[in-house]
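The values are calculated or read from the model by the stated rules, or taken from the named source; none is laboratory data. Only a predicted model underlies this, so the values are computations on that prediction, with no experimental measurement involved. Counting neighbours? That spans all protein chains shown, and the Cβs are built from the backbone with ideal geometry, glycine included. Ligands, DNA and RNA are excluded from the accessible area calculation, which covers all protein heavy atoms including side chains. Shrake-Rupley method; radii C 1.70, N 1.55, O 1.52, S 1.80 Å.
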Amino acid sequence: MSTGLERFSINQMTVRQLSLPELVDSCLELGVPGVGLWREPVRKYGVEAAARLVRDAGLTVTTLCRGGFLTALDPGERAKALDDNRAAVDEAATLGTDTLVLVSGGLPAGSKDLHGARERIADALADLGPYAAERGVRLAIEPLHPMYAADRCVVSTLAQALDLAERFPAHQVGVTVDTYHVWWDDTAPEQIARAGAGGRIHTFQLADWTTPLPEGVLNGRGQIGDGSIDMRQWKRYVEAAGYTGAIEVELFNELLWARDGREVLAETADRFVAHVIQ
């Protein structure tokens, strides 16, 4: 009998108050089949140990977050970023996921050159794409809402992400479709179709848009069903484009982090079924 959770994945950041063993135990208890992991807590626990823990529990690691931040002008900083992204690819391979999510990086200090920043991302992908593919890992460029363009991600739309990704084979570079970041864009549905036609939808993530946004805006992702986004419609868009993979809920939210993590995970699973599946 279907529970509605067969494609559900919980991104670790949604319940960051849970340790990795607590997260694994809660997933098993609630019937959650997939997890999206973050590098910092995984490294703290130990990459090999985390891989064993998740594998032994029978959980699927749907993504690793995050690589990227590839826009630096200084050659030393660029070399350091490439080394860090190669390490992220290696970690993804060890954890058994085929998808490393990339947040591309914002404008370097003092720069106003968006085009130049995006070209430096392309230069980095030319190095990282083949490296990742050799290890069975795909790079998934995540466009972030334009409010993050200056400091976090100069790639703001799926069209921009695909313009970068399509310079490389699809098994090397594709995109992340995250409702929180693209729901406002009238062209996003046709870009999802474009991505699907090229086999470039590497992951699909959900978060709702609620207002007012908090100070700093980073931790304003709403719980599924609390905001303005029609989750079922976005699921229809990606499925019409041929996507059949996991659907990952990734929430940055101080109010959720202040609560009991298992309770938040159970609520998120319930909201997923109610607002995405049913």
In this structure, is I247 under 17 Å from the mean Cα position of the chain (by Cα), closer than 26 Å to R138 by Cβ and β-branched (V, I, T)? yes
Residue satisfying condition, being open to solvent by less than 50 Å² (accessible area, probe 1.4 Å) and touching a residue at least 60 places away in the same chain (Cβ under 8 Å), within set G222, G261, G227: G261
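Yes/no matrix, rows are residues, columns are (1) in a loop (DSSP other than H, G, I, E, B); (2) in contact with a helix residue (DSSP H, G or I) (Cβ under 9 Å, 6 or more places away or on another chain); (3) open to solvent by less than 10 Å² (accessible area, probe 1.4 Å); (4) under 18 Å from R236 (Cβ atoms):
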site	(1), (2), (3), (4)
D185	yes, yes, no, yes
Q191	no, yes, no, yes
G199	yes, no, no, no
P212	yes, no, no, no
G216	yes, no, no, no
Which numbered condition L144 misses (of (1) of a type outside the set (S, T, N, Q); (2) surrounded by fewer than 18 Cβ atoms within 10 Å (Cβ to Cβ); (3) part of a loop (DSSP other than H, G, I, E, B)): (2)
Just a yes or no: is a residue in the stretch 49-59 open to solvent by 60 Å² or more (accessible area, probe 1.4 Å), touching a residue at least 60 places away in the same chain (Cβ under 8 Å) and closer than 24 Å to A269 by Cβ? no
What about E91, is it assigned to a helix (DSSP H, G or I), acidic (D, E) and either at pLDDT below 95 or open to solvent by less than 50 Å² (accessible area, probe 1.4 Å) (or both)? yes
Here the qualifying pairs (Cβ atoms under 7 Å; residues six or more apart or on different chains; first in the stretch 177-188 and more than 16 Å from T203 (Cβ to Cβ); second small (G, A, S) and assigned to a helix (DSSP H, G or I)) come out as T187/A159
Hey, G67 within 25 Å of G129 (Cα to Cα), open to solvent by 40 Å² or more (accessible area, probe 1.4 Å) and under 21 Å from the mean Cα position of the chain (by Cα) or not: no
Scan of the stretch 58-85 for residues that are touching a strand residue (DSSP E or B) at 6+ places or on another chain (Cβ under 9 Å) and not in a loop (DSSP other than H, G, I, E, B), ordered by number: T60, V61, T62, T63, L64, C65, R66, G67, G68, A81, D84, N85
